[in-house]
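The values are calculated or read from the model by the stated rules, or taken from the named source; none is laboratory data. Computed from a predicted model, the values in this text were never measured in an experiment. Don't worry about glycine lacking a Cβ; one is built from the backbone with ideal geometry, like all the others, and counts go over all protein chains shown. Ligands, DNA and RNA are excluded from the accessible area calculation, which covers all protein heavy atoms including side chains. Shrake-Rupley method; radii C 1.70, N 1.55, O 1.52, S 1.80 Å.
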Amino acid sequence: MDTKNWEDSLPTLYIVGTPIGNLEDITFRASRILSEVSLVAAEDTRVTRRLLSHLDIHPRITSFHQHNWQSKLEGVLAQLVDGDVALVTDAGMPGISDPGSELVNAAAESGFRVEVVPGPSAVTSALALSGFSGDAFHFLGFLPRRRKDRQVALQQAGTSTVPLILFESPHRMRATLADLETVLGDRQLAVCREMTKIHEEVFRGTASEALEYFSSPRGEVVLVVEGCIVQNDVRPQAVDFEGQPFDLSSRLASLRRDGVRAKDAVAQVAEITGLPKNMVYQAWIDLGARPDIRLQ
C-alpha cells in the first residue's frame, strides 16, 4: 500500500484557530473542517456552540480544558480511532496560552495525523495595531499571579530589544501596569482591548499614563511593550545630579534598611542617577540575595 495514501486515510486531529472576537473572521477551511469532523473538543462548550450555531453546523461536542483534560484525554483519543476530531478553544489557537498541547502530543504519539487550521491571532493582531516593529517579538503569555513573580518575569524579559507581548485579564491589568512602571519605567506601550469586537480600543502611551486612563478596565487585553533601547551597548555609570560618582548599592541598601518600598526606591534612585529603572531594579533584586544586607 502506498505510504502517502495510507497516511491520508488515518483519522486526523485538527487544531482549529477560531475568531478572537468577531465571528466573521472564521476561515472557510475552519468552517468546513468543523462541519465534517465527528467530534469537536472545546475549551468551553457554551462559547463554541455559539460559533457553531453562527455557522449553522451541529457536530457532536465535548469539553476539553485545563481542569479536565486528564480525565477526558483517553476518551478523545478513542474517538479518533473512529473519525476525525477538531480541537478548539474559546478564541485563537489551541495551545497558545490556552489548553490543547496535551491532546496534540498524545495524538501524535499514538500515530494519528495532526493538522493545523490557522486562524486569527491575538498576538500578531495586537503587534500590528501597536505600531511597533513586527520583525521579532518576545511573547510572555499570561504573567504569574503573584506580584513578586510578575516583577521577576518582567525584569528577566526587560533586557530584550524587541517588543514584549503579554495577555492580561481586566481585573489584573492595573496591577500589571503598575509592575511595568516599576520594573521597566515609562516605556511606550499599546494596550489593545476587545480586539475585533464592537468596543475595540487601542491606547498608546506609557504605563503611568495607562494607569490614569484605565480606572476600571473591561474586556480581555493584550499589552505590547516597547523593547529595551540599547545605545552603543555601553552600560551607563551611576552618577548623581551634579555628575559625581554615585554608590548605587550603598544607596539602595540604605533605602531597603529604612523600609522603603521597591517601587519608591527604584524611582528615587533612577531619578537621581538617570539610570534605566529596570537596571536599578535588578540591582535591588541582587541586593536582596546578599547575606550582608540586613533588612528590617
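Computed in the context of the full set of protein chains, the accessible area of the chain at 1.4 Å probe radius has 48% of its extent on carbon or sulfur. Summarising the overall dimensions of the chain from its C-alpha atoms, the Rg and Dmax are 24.1, 82 angstrom. A protection proxy built from the mean count of other Cβ atoms within 10 Å ranks the segments 165-176, 104-115, most packed first, as 165-176, 104-115.
Our helix-only sum for the chain, with -39,500 (n - 2.57) per DSSP H run of n ≥ 4 divided by its residues, gives a mean residue ellipticity at 222 nm of -12000 deg cm²/dmol. Out of all DSSP beta bridges in the chain, what portion is antiparallel? Express it as a percent rounded to 5. Beta bridges within the chain, antiparallel portion: roughly 50 percent. Per residue, the solvent-accessible area of the range 67-218 (1.4 Å probe, heavy atoms of protein chains only, all protein chains present) comes to 48 Å². Helix 173-184 and the longest principal axis of the Cα set of the chain meet at an angle near 50°. At R0 = 30 Å, how high is the FRET efficiency between L129 and E36 if r is their beta carbon distance? Nearest 0.05 is fine. For L129 and E36, the calculated efficiency is 0.35. Put simply, when 123-136, 86-99 are sorted by average Cβ atoms within 10 angstrom per residue, most first, you get 86-99, 123-136. Over all orientations, the range 15-111 has a Cα convex hull whose mean projected area works out to 5.7 square nanometres. Here the dipole of the chain is about 920 debye; that uses its Cα centre as origin and unit charges on the Cβ of Lys and Arg (positive) and Asp and Glu (negative). Sorting 279-285, 137-143 by their mean Cβ neighbour count within 10 Å, with the most densely packed peptide first, gives 279-285, 137-143.
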